[in-house]
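*Asks:* Got a structure for you, written out below as structure tokens; questions coming shortly.
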Amino acid sequence: MRKIFLSGVTLFLLFLISCSDDKIVQPDESNKNGFESAEVAQIFSDNCSTSGCHDSNNPENGLSITSHSNLMKGSSARPLNSGGLYGGDVIVPFNSKRSLLYQMISGNASVQMPFQRAALSQEEVVTIKNWIDDGAKDEFGAVPFSNPSYRVFVCNQRSDAISVIDGDEKVVSRVYETDFSELNDAPHMIKVYGNYFYVTYITAGRFVKFDKHTGEIIGQVEQLEFPGMIMINSTGSKAYVSRSSTAPGLFNSIYVIDLSSMSLSNEILLPVSGIPHAISLSLDDKILYVANLTANRISIIDTESDSFQQDVLLSQSENHEPMEIEISPDGKYLYISGRASGKLVILDTEQLTVVKEIMVGMMPMHIAISQDGSRIYVPSMMTNTVNVIAYDGNDWIRTSQITHPGFTQLHGCELSPDDNYLYVSSRNTSGSFVPAYTVNGESNHGTIGIINTQTLQVEKLLEIEEYGAGIAVD
């Protein structure tokens, strides 16, 4: 399935040269090239894995379809309209709708495959669709990406979908669909605990519990008003849910949800109305910190009684608009991203005083902290940069800024379990990132940047669904 670079010269040459005369690479009859059936293997062999197209010798866009394992790795060299290359999956097991390869062979994408050759028959298209929807299995009946060392879960806030990234292969391995109403349900934040992941849906007003292996809905709490961020206590018995930063009006409460019964058990009242958005728990679970986005303050909640204790005003003279907060690994500091001030504000949790402010650029968003506390990562939405803050035990200094042509309106970030990779989501509602291929009926795709924290380089950029938002790693 030949793919094209979006330049005038290349397009002209490709229209002159077809893959039709290339020598066909036949499947190995003994193993069907690793595919579940000889029928699927033959379709790819006859139409895609030809010399000059997607064979193993310099395949187009870095996508080889000579074997099942190669196909599942996706492409590594799709062209960016702003220059450079990026990679991405072409098959999402169990979901042909979200599989670019299927959209291309069915004629529903900006480029139809096989390129400059006869389209696949309807029977062949259905065969590939059924194979994908049954799990895109290999010759042993195994579903790809079933046992990664870790997974990355990403909310797609404008597509009613949760993307799951395989931490080993670094491709989208699943897309879990939801559709609670006729409107966009707006999945916003996600947290993982045990065998489940939990998602807030802003528009649908729901807090939903999923099986993290299958995506099956286990339970849900409905009729919440614009639910936003999530914090789960260390025993997994209860969750605190705040309000979305986009919630209209003023609010003065935080939801408390019993996770075993999936029911609303309490609503903590705050004395000052606004948008209580960012939340974080102390290491011993005894204190819930609540950042009021519109009131420039941090509220202290006693979690044993689920009651308000006191407010900490962040500044008398500057409105930070505290967007997100994270507790340090030693519990000594609360890191606060100031949406309006463009600063990372550091609060001493014992003295409840601000000890430092660091400029990080316009609209800093989520915060990720290394396990030893020596690095703090803060993406800034309007500058499309990830700020790297070093902490040596005495002081905090911004040491690096990371960017990439595929970063556009950065939102969420989270570290891999070994701290070796930082995953950063982009909203891309502006459409600044233009994918190499588009699918009919789909709008601007978000992206995930995968940053190697040793080199501080973007190692890979992936397309996800519309509006990349909250991230969780497990």
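*Asks:* Mind checking which residues of the stretch 358-368 are in a strand (DSSP E or B), surrounded by 20 or more Cβ atoms within 10 Å (Cβ to Cβ) and either among the hydrophobic types (A, V, I, L, M, F, W, C) or more than 23 Å from the chain's Cα centre (by Cα) (or both)?
*Replies:* Hit for the stretch 358-368 is 368, nothing else.
*Asks:* Sort out which residues of the stretch 226-256 are open to solvent by 50 Å² or more (accessible area, probe 1.4 Å) and within 24 Å of the chain's Cα centre (by Cα), and write them in order of number.
*Replies:* Passing the criteria: 226, 234, 246.
*Asks:* Take residue 148 and decide whether it is over 21 Å from residue 429 (Cβ atoms), touching a residue at least 60 places away in the same chain (Cβ under 8 Å) and part of a loop (DSSP other than H, G, I, E, B).
*Replies:* The answer is no for residue 148.
*Asks:* Take the residues of the stretch 369-386 that are over 17 Å from the mean Cα position of the chain (by Cα) and closer than 22 Å to residue 279 by Cβ: which is most open to solvent (accessible area, probe 1.4 Å)?
*Replies:* 371
*Asks:* Keeping to the stretch 328-361, report how many residues are within 16 Å of residue 293 (Cβ to Cβ) and free of Cβ contacts under 8 Å to residues at least 40 places away in the same chain.
*Replies:* Matching residues across the stretch 328-361 total 6.
*Asks:* Counting only residues that are within 30 Å of residue 90 (Cβ to Cβ) and aliphatic (A, V, I, L, M), give me the strands (runs of 3 or more DSSP E) lying completely in the stretch 369-458 with at least 2 of them.
*Replies:* In the stretch 369-458, the matching strands (runs of 3 or more DSSP E) lie at 410-415, 421-426, 447-452.
*Asks:* Give the residues of the stretch 167-188 that are in contact with a Lys or Arg (Cβ under 7 Å, 6 or more places away or on another chain) and of a type in the set (D, E, K, R), sorted by residue number.
*Replies:* Within the stretch 167-188, 169, 170 meet the criteria.
*Asks:* Exactly one of (1) on the phi > 0 side of the Ramachandran plot; (2) open to solvent by 30 Å² or more (accessible area, probe 1.4 Å) is unmet by residue 444. Its number?
*Replies:* (1)
*Asks:* In this structure, is residue 434 β-branched (Val, Ile, Thr) and over 28 Å from residue 193 (Cα atoms)?
*Replies:* Spelling it out, residue 434 is indeed β-branched (Val, Ile, Thr) and over 28 Å from residue 193 (Cα atoms).
*Asks:* For the stretch 186-211, which positions are open to solvent by less than 40 Å² (accessible area, probe 1.4 Å) and either modelled with pLDDT under 95 or polar (S, T, N, Q) (or both)?
*Replies:* Selection gives 200 alone.
*Asks:* Select, from 276, 329, the only residue that is open to solvent by less than 30 Å² (accessible area, probe 1.4 Å) and of a type outside the set (Lys, Arg).
*Replies:* So the residue among 276, 329 that is open to solvent by less than 30 Å² (accessible area, probe 1.4 Å) and of a type outside the set (Lys, Arg) is 276.
*Asks:* Return the only residue of 370, 341 being within 23 Å of residue 451 (Cα to Cα) and of a type outside the set (D, E, K, R).
*Replies:* That would be 370, the only listed residue that is within 23 Å of residue 451 (Cα to Cα) and of a type outside the set (D, E, K, R).
Let's see how each residue does on (1) among the acidic types (Asp, Glu); (2) in contact with a Pro (Cβ under 8 Å, 6 or more places away or on another chain); (3) over 29 Å from residue 434 (Cβ atoms):
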residue	(1), (2), (3)
306	yes, no, yes
328	no, no, yes
337	no, yes, no
340	no, no, yes
351	no, no, yes
366	no, yes, no
375	no, no, yes
380	no, yes, no
393	no, no, yes
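*Asks:* While we're on this one: When only residues in the stretch 156-200 that are more than 27 Å from residue 86 (Cβ to Cβ) and in a strand (DSSP E or B) count, which is nearest to the chain's Cα centre (by Cα)?
*Replies:* The residue in question is 191.
The values are calculated or read from the model by the stated rules, or taken from the named source; none is laboratory data. Small disclaimer: the values here were computed from a predicted structure and weren't measured. Note that each Cβ is placed from the backbone with ideal geometry, even for glycine, and that neighbours are counted across all protein chains shown. Side chains are part of the model used for accessible areas, which takes the heavy atoms of the whole protein and leaves out ligands, DNA and RNA. Shrake-Rupley method; radii C 1.70, N 1.55, O 1.52, S 1.80 Å.
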